[in-house]
1. Near residue 34, which lysines are there with a Cα under 17 Å away, not counting those fewer than 8 places off in the same chain?
2. What order, most packed first, do the peptides 310-320, 295-305 have when packing is the mean number of other Cβ atoms within 10 Å of each residue?
3. Applying the Karplus parametrisation 6.51 cos²θ - 1.76 cosθ + 1.60 with θ = phi - 60° to the phi angles of the stretch 219-225, what ³J(HN,Hα) value in whole Hz is obtained for each residue in order, glycine and proline being reported as x?
4. Remind me, relative contact order of the chain in percent, using alpha carbon pairs under 8 angstrom and six or more residues apart?
5. What's the extension gain from residue 168 to residue 51 if we count 0.36 nm per residue and subtract their Cα-Cα distance?
6. Which aspartates and glutamates does residue 200 reach when only Cα atoms under 18 Å apart count, and residues fewer than 8 places away in its own chain are ignored?
7. Evaluate the distance, in nm, between pseudo-label points positioned 7 Å from the Cα of residue 210 and of residue 243 along their respective Cα→Cβ axes.
8. All other residues with a Cβ under 14 Å from the Cβ of residue 163 taken together, and with Lys, Arg as +1 and Asp, Glu as -1, what is their net charge?
Amino acid sequence: MSDLAVLESDALARLGSASSLDQLRDAHGDLLGKRSPLNDVRKTLGALAPEDRKKLGQELNDLRSRLDAAFAAREEELLAAERAERVADERLDLTEVKGRRRRGSLHLVTQTRDRLEDTFVAMGFTVAEGPEVETDWHNFEALNIPPAHPARSGFDTLYVKFGEPESTLVRPHTSPVQIRLMLEQPPPIYAVMPGRCYRKDTPEPRKVPNFSQIEGLVVDRGITFGNLAGTIEAFTSAYFGPNIHSRLRPGSFPFTEPSAEYEVTCAICEGRGCRTCSSTGWIELGGCGMVHPNVFRAVDIDPEEWSGFAFGFGIDRLAQMRHAIPDMRVLFDNDIRVTGQF
Ligand code: DAH
């Protein structure tokens, strides 16, 4: 009996100290298997008197179940530890990219939009927004583009199935926000309106079908083309710094008269001519002009009393020129080697 007590305490110590499942299983074999001391004792049962045999047999069975229970308890502990280790091992660290720990950042287009807002706010403008899904009236008619006007085809508009056919669209420019703003508040107005636009276009080095624009609108008494040119020049040097030059060229938009195209020196070739600027040395960033009297009439503003200028610039192109990115499409491939640089 006392031998059994020693055997039990040794066996419990060995099971309890097994530090891996393999070790535990080895211990189980050694302690309870065919060649175990316990089995040796069991083999002596046959030679005992019936009374003693029964007693010792019972004793051995009880011992065996206690050791089995100790084995199961230790096995449970080791399995839990192994699971915890595997979970820790296989944990996906989403803050780590290719072994380099780095923080995420806003997309370059978002950063550019923020920077543009800051630039214009510093010049005294407020910031407004309008919906991406627009009515034909806000997007075209109120902007002096009546049905069947040839300018409509230039917008490659995507229509939305809602209401009358071609009455609802995803806006191809941010100019309808001018209309909403003038309907909402009386002049004077000094505002910029950034946002996403959509056109049925094939992606090209300086064009994507889902782009962003920032619209500008000034309405006050006595506003002239000189104010427009001065504002654009001030904006260009505030946003690009001294190394990029801009120019206004005669242009044509139904909602402005006179109209101009806003261009900057191509940042990729510094004006020498390259694939990105189609060898012209200049990149068109948007249009501008003096608000057409018909636009004022559409929103019940008296064109005899008020005058104003407007502009609409492509945010993606502004970003492309500021960072000298030869092909705009790389900004939307979401290759982290590109987007991670900003
Ligand atoms: N909406 C024009 C476009 O997307 C750009 C534009 C031109 C906006 C002249 C203006 C403007 O506000 O005055 O092509």
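1. 43
2. Details: 310-320: 24.2, 295-305: 14.6.
Taking the mean over residues of other Cβ atoms within 10 Å, the ranking is 310-320, 295-305.
3. In residue order, the calculated couplings are 10, 7, 7, x, 6, 10, 4 Hz.
4. Numbers: 511 pairs, mean separation 49.6, N = 342.
Result for the chain is 15 percent.
5. Values: separation 117, 0.36 × 117 = 42.12 nm, distance 9.95 nm.
Taking residue 168 through residue 51 to full extension adds about 32.2 nm, to one decimal.
6. Counting by Cα, and skipping residues close in sequence, residue 200 has these aspartates and glutamates nearby: 132, 134, 136, 156, 166, 316.
7. Calculated label separation equals 3.3 nm.
8. On the way: positive: 161; negative: 134, 136, 164, 166.
Charge balance near residue 163 sits at -3.
Quick note: the coordinates plus some simple rules give every number you see, no bench work behind them. Worth saying up front: this structure is predicted, and the values here are computed from it rather than measured. In this analysis, Cβ positions are derived from the backbone assuming ideal geometry, glycine residues included, and neighbour counts consider all displayed protein chains.
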